[in-house]
There are 2 protein chains.
Amino acid sequence: MYLFTNSEGNIILESVKIPESTIERLAIYLRKIEELYDKGYSIISSEKLANVCKVNPAQIRKDLSYFGEFGVRGVGYEISELMREIKRILDTGRVWRLALVGVGNIGSAILRHKNFYKRGYNFIAAFDIDPQKIGREVIQGIKVQPMEELEDTVKRLNIEIGVITTPSTSAREVCRALVNAGIKAILNFSPIFLRSRKGCIVENMDFTIKLDNLAYHLCQLEGKNFSK
Amino acid sequence: MYLFTNSEGNIILESVKIPESTIERLAIYLRKIEELYDKGYSIISSEKLANVCKVNPAQIRKDLSYFGEFGVRGVGYEISELMREIKRILDTGRVWRLALVGVGNIGSAILRHKNFYKRGYNFIAAFDIDPQKIGREVIQGIKVQPMEELEDTVKRLNIEIGVITTPSTSAREVCRALVNAGIKAILNFSPIFLRSRKGCIVENMDFTIKLDNLAYHLCQLEGKNFSK
DNA sequence: GCCTGTGAATCCATTCACAGCT
DNA sequence: AGCTGTGAATGGATTCACAGGC
């Protein structure tokens, strides 16, 4: 924290701004550290961890230093402690309640995917507009509900994160419905770019944008170069 | 382009370095512009486009200026021209040949997904280690092949992009196999972070990392704040 | 008058380099 | 001696602000 004095002469407190990329890296470190922990390692230095995560050692130390002092000078970081701390920072390790909207190919694959559950992301409701799909039990314990029940269910089950896997045509509308229902965080798989707004953070995962990226870089490798 | 003189006194040519984020944004602009084009618009200013893409107008002008002068001062950008130019820059608009490795839940959902095809990303082969899956026709025209056939098929069909949808345990090994087969670009959906290497670019799409991000920000909203 | 294209200024993230602790 | 924690330096990307063309 920093102390400042504002125009009225009052002392104000301001948190250090933490880069978005730091948060993303913490999640990556965590996965590596869990792996090392499972293999029985107990201590790691920023240099060693940097090697396996392919980043700069100072980067790791700085990233961690935003949140406290977790290491021992001259020694390194205790793996179990570091794991606990990063989990606390990211508030992973607790169980989150998710709802999915759009039970198509991708939607049902995600519901069936084990990784989410393993990391504490539990789908507890699924919605669709297609009357054919409503009532169907996609996975154990989750029946597809109609959109009309969304707001009520979200509130009743205290759902915290919404996942959009609808076609692009309905993505915006679904986003609005989720926000109205009080959802504060959305993971959007549709190819419509949805923007975070006050009180609701959106992460976009348009696969084809990543492919466009790869395509561009392939061109560069081939030596075609359109830049000035 | 810039002209420099190196230590031996020779004049060397160096391209302006284009930020990675510029490429990502061009893909986003393109999607919006296509939408506008379909709606029949013909001219747009950087300010208007910035509004719908939620970025700074100068950002759009600078991003485009890396590649040429596509606008008309006092008027704006002609939508059909801009669309053509961005497609040329990203080399989208041509058809790319992809192979998928790991025909599980996510893998088969991706193969069945129409969006990839629509944007010129055509899956023309799929691989798995599971003998149960081999020979099965997941989608029209694509039969699951054993891993042993990967190198040969990639070379014969001139496959350019590899998509990894295996469990994390085999992701690294599959990556190596793809690189060996001559693949230059990989989209990795497994939760193992794969690093780009010389001659092969990797884009990672670990969904759970994005969820960890959302979880962190939800915490912030709730007012729990662990930073110093 | 309006909107692009772009050097200059600003803002933000990463890396260096070293003081401080064990 | 070794490795963390962090201010300072560097390096990039974004935004400003205005000259230049329609």
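Selection of the range A:123-138 for residues being surrounded by 13 or more Cβ atoms within 10 Å (Cβ to Cβ) and in a strand (DSSP E or B) yields A:F123, A:I124, A:A125, A:A126, A:F127, A:D128, A:V138. A:I33 meets all of the listed conditions (1) buried (at least 21 other Cβ atoms within 10 Å of the Cβ); (2) facing another protein chain (nearest Cβ under 8 Å); (3) within 16 Å of DNA strand D (Cβ to nearest atom) but one, namely (2). Restricting the first member to the range B:178-199 and to residues that are within 7 Å of chain A (Cβ to nearest Cβ) and at negative phi, and the second to residues that are of a type in the set (D, E, K, R) and part of a strand (DSSP E or B), the beta-carbon pairs closer than 6 Å and six or more apart or on different chains are B:L187/B:E203. When you scan the range B:143-165, do you find a residue that is closer than 30 Å to A:V95 by Cβ and in contact (Cβ under 8 Å) with a residue 12 or more places away in the chain, even just one? Scanning the range B:143-165, I find at least one residue that is closer than 30 Å to A:V95 by Cβ and in contact (Cβ under 8 Å) with a residue 12 or more places away in the chain, so the answer is yes. Just checking, which of A:K87, A:K62 is under 28 Å from B:V202 (Cβ atoms), of a type in the set (K, R) and more than 10 Å from DNA strand D (Cβ to nearest atom)? Within the list A:K87, A:K62, the selection yields A:K87. The condition of being more than 10 Å from chain B (Cβ to nearest Cβ), surrounded by fewer than 18 Cβ atoms within 10 Å (Cβ to Cβ) and over 21 Å from the mean Cα position of the chain (by Cα) does not hold for A:I79. Would you confirm whether or not the range B:124-147 contains a residue that is of a type in the set (F, W, Y), touching a Lys or Arg at 6+ places or on another chain (Cβ under 9 Å) and within 29 Å of A:Q220 (Cα to Cα)? No, the conditions are met nowhere in the range B:124-147.
Consider B:S196 carefully, then state whether it is under 28 Å from A:L90 (Cβ atoms) and surrounded by fewer than 20 Cβ atoms within 10 Å (Cβ to Cβ). Yes; evaluated as a whole, the condition is true for this residue.
Selection over the range B:64-76 of residues that are surrounded by fewer than 21 Cβ atoms within 10 Å (Cβ to Cβ) and assigned to a helix (DSSP H, G or I) gives a count of 1.
All conditions in (1) surrounded by fewer than 15 Cβ atoms within 10 Å (Cβ to Cβ); (2) near DNA strand C (Cβ under 9 Å from one of its atoms) hold for A:R61, with the sole exception of (1).
Within the range A:68-104, the set of residues being at negative phi, within 14 Å of DNA strand C (Cβ to nearest atom) and free of Cβ contacts under 8 Å to residues at least 24 places away in the same chain comprises A:E69, A:F70, A:V72, A:R73. For the range A:36-58, a tally of residues being surrounded by 13 or more Cβ atoms within 10 Å (Cβ to Cβ) and under 23 Å from the mean Cα position of the chain (by Cα) returns 7. It is to be established whether one or more residues within the range A:97-110 are surrounded by fewer than 20 Cβ atoms within 10 Å (Cβ to Cβ), touching a helix residue (DSSP H, G or I) at 6+ places or on another chain (Cβ under 6 Å) and closer than 13 Å to A:E34 by Cβ. Scanning the range A:97-110 turns up no residue that is surrounded by fewer than 20 Cβ atoms within 10 Å (Cβ to Cβ), touching a helix residue (DSSP H, G or I) at 6+ places or on another chain (Cβ under 6 Å) and closer than 13 Å to A:E34 by Cβ. Under the condition of being of a type in the set (A, V, I, L, M), part of a loop (DSSP other than H, G, I, E, B) and at the interface with chain B (Cβ under 8 Å from one of its Cβ atoms), the residues counted in the range A:90-122 number 0. Comparison of B:T208, B:T169, B:T153 shows that the only residue that is over 20 Å from A:E34 (Cβ atoms) and among the hydroxyl-bearing types (S, T, Y) is B:T153.
Values in this text are rule-based calculations from the coordinates and carry no lab data. On a predicted model such as this, the values are computed, not experimentally measured, just so you know. Don't worry about glycine lacking a Cβ; one is built from the backbone with ideal geometry, like all the others, and counts go over all protein chains shown.
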